[in-house]
Amino acid sequence: MDYAIIADAYEKIEATTKRLEMTDLLFDLLKKTPKDVLARVVYLTQGKLYPDFTGIEMGVAEKSAIKALARASGQSESVISGGLQKSGDIGQTAQAILSKRKQSTFFSRTLTVEQVYETLDKLAKTSGSGAVDTKMALLCGLLTDASPKEAKWLIRTVTGNLRLGIADMTVLDALAIAYGGGKEARELVERAYNISSDLGRVANVVAEKGIEGIKKFQVMVFEPIRPMLAERLASPEEILEKLGGKCIAEYKYDGERIQAHKKDGKVILFSRRLENISSQYPDAVDLIKEKISAKEVILEAECVAMDLETGDMRPFQELMHRRRKYGIEEAIGNYPISLFPFDLLYADGKDLTLQPLPLRREELAKIVKKTDRVTPAIQKVVNSPKKLEDFFEEAIAEGCEGLMCKAIGDESCYQAGSRGWLWIKYKRDYKSEMTDTADLVVVGAFHGRGKRAGTYGALLLATYNKEQDTFETVTKCGTGFTDKDLQTLYDTLGKHVIPRKNSRFVSTLEADVWFEPSLVLEILGAEITLSPIHTCAMNSIRKGSGLAIRFPRFTGKYRTDKAPEDATSSIEIVEMYRGQLKKISEKQTA
């Protein structure tokens, strides 16, 4: 398959902001793709070579890309850097530079998807002495053979800035239409993705075996399951009403959520974002090996920093000292952890994701060898607001954030990759106006002035609307940032700048700079108000109004453990607003 077919499709996709048109264009590309390279095309369209959980990245810095482009084009690095400064896009710069090439290289070849993928695969896996030069040679070889348009997309791919505006959900739509018989197959295709986190494998199965193959799609150890997420409510009464009057209430530990996979004595730990974090928690790996009796298992647990002498739990911030490449042994000594398993998704050949929660917990209890370092999450079945409130106070006294309240009926299966009312968070912060934080996605920024000149003065932040797969603006925040934060944000977000508003953004505001959704920040505000400007939950409370967070302030917490789609949802903001109104009403009545 000629790589030019992909480049042409990407050009058309980039040129539209209409989601349905994007899906149609992607459908056309997938139908043109031979089945034996379909997975590769899907990965490349995601801007990667493998699923994220493999940890394999191309990792070409912009400076290296400029050097390779200089070598392939015959232009100086300073000329290329000047072009980049004007365009702000290394891909467009590559296209412009190579368009000026006087003649094609005599021995140039037509690039194929297979050649591109295999070369990028070698590039990504090259390490050790001389790796930089080898990567440079591989990239330079591709650019020498590439047309200007192909070079644009190659450079964007290797530098991690594809900028297509296509989300995984759009790819799933296109796969369902192309190979599943229509959009009605979307739910089954999405479940396959949610239990494997591998769009390439899903594409292969649906293309080769159709919807019947997708129905037989299996959970596999070492392929992380996309985590089930919770909604939030403000009172025991509301929670029990949502959960049918009875639920499991479980300690909500102040730690890092991990998904542990074990098979043949090997253990891998995945973060909430499905990154392999085993190297950060070698002691947790050992605990899973020693204290989980099942030979093959996928379970979820909260990893909590502990004072082993007193048995007290330490705050989440102390776990961040474990996020390092070096000095792990020292960190283990200074910041030891305990594990609190809370769900079992797979054990010794049995997929438990479709089983109700009480059965999953029963099976979990059978395989955990309890110690002071590994204990199933403490839980209790409650059927009254008072019992729920009493248990909540107990959890707080033990050093927890609050409770997770979970449905226990036949419908209480594990909804991988979904946020719904089967799980509801109840934290102390929800008890007053807006003392609870929100985890918001940075979608845009406004240039700083005065002391902030040269950085961003304020950020445009958004919630996530799962139903629409969009990000809806909820506030502008310029408070709470230190000088170091401002520089860090400028450097970090600079890698994700896009030339115009992403098609997934719903915003009436025009930011000075737009970003691909990537960074999630914890924000605290004074209150939530109706807004004619912001689009969060537009028309849900009053026609023509969205919801906005008033007087927002950055708490200092970068939610690197959360993907943009894991951010606070628009529905959660609605519930927080309603809870806030209820509290105000109660105060006025009193």
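Would you check which residues across the stretch 496-517 are surrounded by 15 or more Cβ atoms within 10 Å (Cβ to Cβ) and either part of a strand (DSSP E or B) or out of contact with any strand residue (DSSP E or B) (no Cβ under 7 Å at 6 or more places or on another chain) (or both) and list them? Those that are surrounded by 15 or more Cβ atoms within 10 Å (Cβ to Cβ) and either part of a strand (DSSP E or B) or out of contact with any strand residue (DSSP E or B) (no Cβ under 7 Å at 6 or more places or on another chain) (or both): Val497, Ile498, Ser503, Phe505, Val506, Val513, Trp514, Phe515. Scan the stretch 83-94 for residues that are out of contact with any Lys or Arg (no Cβ under 9 Å at 6 or more places or on another chain) and either surrounded by 13 or more Cβ atoms within 10 Å (Cβ to Cβ) or touching a residue at least 40 places away in the same chain (Cβ under 8 Å) (or both) and report the count. The qualifying residues number 4.
When Thr105, Thr144 are screened for being in a helix (DSSP H, G or I), of a type in the set (Val, Ile, Thr) and either in contact with a Phe, Trp or Tyr (Cβ under 8 Å, 6 or more places away or on another chain) or at pLDDT below 95 (or both), only Thr144 passes. Restricting the stretch 184-204 to residues that are outside any helix (DSSP H, G or I) and not acidic (Asp, Glu), the residue that is farthest from Leu143 (Cα to Cα) is Ile195.
Over 24 Å from Leu229 (Cα atoms), surrounded by fewer than 21 Cβ atoms within 10 Å (Cβ to Cβ) and modelled with pLDDT of 90 or more: is that true of Arg542 in this structure? No: the conditions fail for Arg542. For the stretch 367-420, which residues satisfy the criterion of being loosely packed, with under 15 Cβ neighbours inside 10 Å, within 30 Å of Met169 (Cβ to Cβ) and touching a Gly at 6+ places or on another chain (Cβ under 9 Å)? Hit for the stretch 367-420 is Gly409, nothing else.
When Thr353 is tested against the conditions (1) under 15 Å from Ile225 (Cα atoms); (2) loosely packed, with under 15 Cβ neighbours inside 10 Å, the lone failure is (2). Residues in the stretch 247-268 that are farther than 30 Å from Glu237 by Cβ, in contact (Cβ under 8 Å) with a residue 24 or more places away in the chain and within 24 Å of the chain's Cα centre (by Cα): Glu256, Ile258, Gln259, Ala260, His261, Lys262, Ile268.
For Tyr50, are the conditions met, namely being within 23 Å of Arg201 (Cβ to Cβ) and not in a helix (DSSP H, G or I)? For Tyr50, the condition - within 23 Å of Arg201 (Cβ to Cβ) and not in a helix (DSSP H, G or I) - is met.
Pairs linking a residue in the stretch 374-388 that is assigned by TED's automatic domain parsing to the domain that holds Ile292 and farther than 13 Å from Met404 by Cβ to a residue that is among the hydroxyl-bearing types (Ser, Thr, Tyr) and in a strand (DSSP E or B), with Cβ atoms under 6 Å and 6 or more positions apart or on different chains, do not occur.
Checking the condition at pLDDT 90 or above, of a type in the set (A, V, I, L, M) and under 20 Å from Leu240 (Cα atoms), which residue from Leu486, Leu403 passes? Of the residues listed, the single one that is at pLDDT 90 or above, of a type in the set (A, V, I, L, M) and under 20 Å from Leu240 (Cα atoms) is Leu403.
Of all residues in the stretch 266-306, those satisfying the criterion of being outside any strand (DSSP E or B) and aliphatic (A, V, I, L, M) are Leu274, Ile277, Ala284, Val285, Leu287, Ile288, Ala294. Taking the stretch 463-495 as the range and being closer than 24 Å to Leu172 by Cα and either in contact with a His (Cβ under 9 Å, 6 or more places away or on another chain) or assigned to a loop (DSSP other than H, G, I, E, B) (or both) as the test, the residues that pass are Lys466, Glu467, Gln468, Asp469, Glu472.
Given the structure, is Leu274 surrounded by 15 or more Cβ atoms within 10 Å (Cβ to Cβ), among the hydrophobic types (A, V, I, L, M, F, W, C) and at positive phi? Yes. When the stretch 6-19 is limited to residues that are touching a residue at least 60 places away in the same chain (Cβ under 8 Å) and part of a helix (DSSP H, G or I), the one that is surrounded by the fewest Cβ atoms within 10 Å (Cβ to Cβ) turns out to be Glu11. Considering the stretch 38-54, and only residues there that are closer than 13 Å to Asp121 by Cβ and in contact with a Phe, Trp or Tyr (Cβ under 9 Å, 6 or more places away or on another chain), the residue that is surrounded by the fewest Cβ atoms within 10 Å (Cβ to Cβ) turns out to be Tyr50.
Please go through (1) surrounded by fewer than 16 Cβ atoms within 10 Å (Cβ to Cβ); (2) within 24 Å of Thr17 (Cβ to Cβ); (3) aliphatic (A, V, I, L, M) for Ile166 and return the number of the only condition it doesn't satisfy. Result: Ile166 passes all but (1). Of all residues in the stretch 213-237, those being assigned to a loop (DSSP other than H, G, I, E, B), basic (Lys, Arg) and surrounded by 19 or more Cβ atoms within 10 Å (Cβ to Cβ) number 1.
Rundown of residues vs (1) over 18 Å from Ala39 (Cβ atoms); (2) at pLDDT 95 or above, yes/no style:
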| site | (1), (2) |
| --- | --- |
| Gly181 | yes, no |
| Ala192 | no, yes |
| Leu199 | no, yes |
| Val205 | no, yes |
| Gly210 | no, no |
| Val221 | yes, yes |
| Ile225 | yes, yes |
| Leu233 | yes, no |
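On the basis of being in contact (Cβ under 8 Å) with a residue 40 or more places away in the chain, over 25 Å from Tyr281 (Cβ atoms) and not charged (D, E, K, R), does Leu422 make the cut? Yes, satisfied. For the stretch 279-289, the set of residues classified as within 22 Å of the chain's Cα centre (by Cα) and surrounded by fewer than 18 Cβ atoms within 10 Å (Cβ to Cβ) consists of Ser279 only. Suppose the filter is more than 16 Å from the chain's Cα centre (by Cα) and not in a helix (DSSP H, G or I); does Gly181 pass it? Here the answer is yes, as Gly181 does meet what is asked. When Ala526 is tested against the conditions (1) touching a residue at least 40 places away in the same chain (Cβ under 8 Å); (2) at positive phi, the lone failure is (2). Entry remark, the stretch 110-140: residues being part of a helix (DSSP H, G or I) and in contact (Cβ under 8 Å) with a residue 60 or more places away in the chain number 15 in total. Given the residues Glu184, Glu150, which is the only one that is surrounded by fewer than 17 Cβ atoms within 10 Å (Cβ to Cβ) and either free of Cβ contacts under 8 Å to residues at least 40 places away in the same chain or not assigned by TED's automatic domain parsing to the domain that holds Ser418 (or both)? Criteria check complete, one pass: Glu184.
The values are calculated or read from the model by the stated rules, or taken from the named source; none is laboratory data. All values reported here derive from a predicted model rather than from experimental measurement. Cβ sites come from the backbone with ideal geometry, for glycine too, and all protein chains shown count toward neighbours.
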